[in-house]
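Comments concern the structure below.
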Amino acid sequence: MSGGHTLATEIEGLVGECESLLGQASSFEALEALRVEFLGRKGRLAAVMSRLPGLEPEERRQAGAAANKVKDTLGALYLKRQDALARQAETAMLAAFDATLPGRAPAAGSLHPITIVTGEICTVFRELGFDVVTGPEIETDFYNFEALNFPPEHPARDMQDTLYITDATLLRTHTSPLQIRTLESTAPPVAAVAPGKVYRRDSDLTHSPMFHQIEGFLVDREVSMADLRGVLTYFLHAIFGRDTRVRFRPSFFPFTEPSAEADISCVICAGSGHAGTDTCRVCKGTGWVEILGCGMIDPNVLAAVNLDPEEYSGFAFGLGVERVAMLKYGIGDLRLFFENDVRFLAQFA
Ligand code: DAH
């Protein structure tokens with residue numbers, strides 16, 4: 001039996017074997033393995049071909065022709081199977097894909113409630129002609145205390161637990177320093193609100209070491225307590241609604257004289273003091289909640305910015321933004337503002 005005949009038969013045998021294996025290949029990986037096994041550089045067809053040079057010329061011609069034919073046939077079978085697998089994969093993908101499902105909207109962020117409330121408050125005052133000013137969170141003792149009529153060693157400094165950086169620099173404990181900074185650089189008439197972060201050494205259920213305040217002030221000739229009451233009542237009605245009642249109680253702050261605190265009728269129990277048969281937990285049954293501190297700017301503060309208290313007068317006020325937001329939205333826990341849980345934040349979108 002001639003070697004050429006054997007080789008040609010062997011070569012043709014590869015077609016049948018490869019064809020049935022290709023038919024069983026159920027993945028692209030299996031298909032690739034077969035391509036390597038039969039058609040690869042060190043594959044079975046190549047192994048057969050490597051024996052051609054040892055044959056007689058006529059046999060070599062026959063076996064070579066058979067090998068080329070087989071190579072084309074196997075190549076075509078490979079492509080056919082590859083095509084079939086690709087179509088199978090596509091059909092499976094389309095079957096798993098429900099084209100009737102609604103699309104997924106891109107996730108959109110929303111403003112933090114503190115940002116929203118700060119914006120609303122500033123808008124009310126902007127419409128009244130107030131400027132919006134900001135200043136540094138790292139302050140000097142002068143701006144945070146001394147110019148605001150807290151003399152060194154004055155016990156009023158104990159009202160606030162201060163985070164000091166050095167003896168003379170600190171994290172501002174309130175936004176009142178903006179009274180000084182603004183009046184230093186702007187001649188009356190001046191009206192401004194100053195929103196921003198403030199810091200105190202306080203951390204428990206109802207106190208955060210960082211929170212937000214808005215300071216406001218107006219300085220001109222002949223500003224009176226009546227102006228203070230008119231502006232603040234208008235403001236509180238704008239934020240909490242016209243049905244909200246407002247009252248002013250005497251109080252004390254070093255930088256105002258006289259000083260007052262403003263209360264609004266409790267927004268949770270509408271001033272009734274109770275929730276059903278229970279005592280209202282927000283106003284503790286009083287029907288009122290404290291909302292801001294205010295007063296006529298102390299003559300010493302005006303003098304600290306070189307304004308003559310005989311010529312000028314003004315009022316100032318300060319409020320906590322978290323407190324306003326809690327009352328406005330009925331939020332019971334201060335910590336929700338700082339945890340940044342999207343389930344909370346998304347409710348303000
Ligand atoms: N600075 C005060 C505080 O942080 C708040 C305040 C009270 C500001 C009365 C004022 C004011 O301008 O008149 O507690």
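Observations on the model:
- In order along segment 256-264, phi translates into HN-Hα couplings of 10, 7, x, 10, 8, 10, 9, 10, 10 Hz, rounded to whole numbers, per the Karplus curve 6.51 cos²θ - 1.76 cosθ + 1.60 with θ = phi - 60° and x for Gly and Pro.
- Top of Glu137, Glu146, Glu17 by mean-square fluctuation, Gaussian network on the chain, Cα under 10 Å: Glu17
- Exposure proxy ranking, count of Cβ atoms within 10 Å, fewest first, for Thr166, Thr73: Thr166, Thr73
- A dipole drawn for the chain from +1 and -1 charges on Cβ atoms has a positive end, and of Ser27, Leu39, Thr244 the residue lying farthest that way is Leu39.
- Segment 258-322 and segment 2-65 have Cα centres separated by 95 Å.
- Axial C-alpha extent at least 27 Å, average Kyte-Doolittle at least -0.5 - helices from the chain (DSSP): 3-24
- Prolate/oblate/rounded call for the chain, Cα gyration tensor, a/c under 1.5 rounded: prolate
- Value at 222 nm in deg cm²/dmol, rounded to 500, when DSSP H runs of n ≥ 4 in the chain each add -39,500 (n - 2.57): -13000 deg cm²/dmol
- Taking segment 255-349 and dividing mean pair separation by its residue count, relative contact order in percent (alpha carbons under 8 Å, at least six apart): 25
- Contact order, relative form, for segment 1-79: 46 percent (alpha carbon pairs under 8 Å, 6 or more residues apart, mean separation divided by residue count).
- Electrostatic dipole magnitude of segment 3-96 [Cβ: Lys, Arg +1; Asp, Glu -1; Cα centre; debye, to 20]: 220
- Amide hydrogen proximity for Ala275: with H placed 1.01 Å from N in the peptide plane, the residues at 5 or more positions away or on another chain lying under 5 Å are Cys280.
- Isolated Cys residues of the chain, judged by Cβ distance under 4.7 Å to other cysteines: Cys18, Cys122, Cys294
Bear in mind these aren't lab numbers, they're just calculated from the coordinates by the rules spelled out. It should be emphasised that the depicted structure is a prediction, and the values quoted were computed from it without experimental measurement. Every residue, glycine as well, gets a Cβ built from its backbone with ideal geometry; the counts of neighbours run over all protein chains shown.
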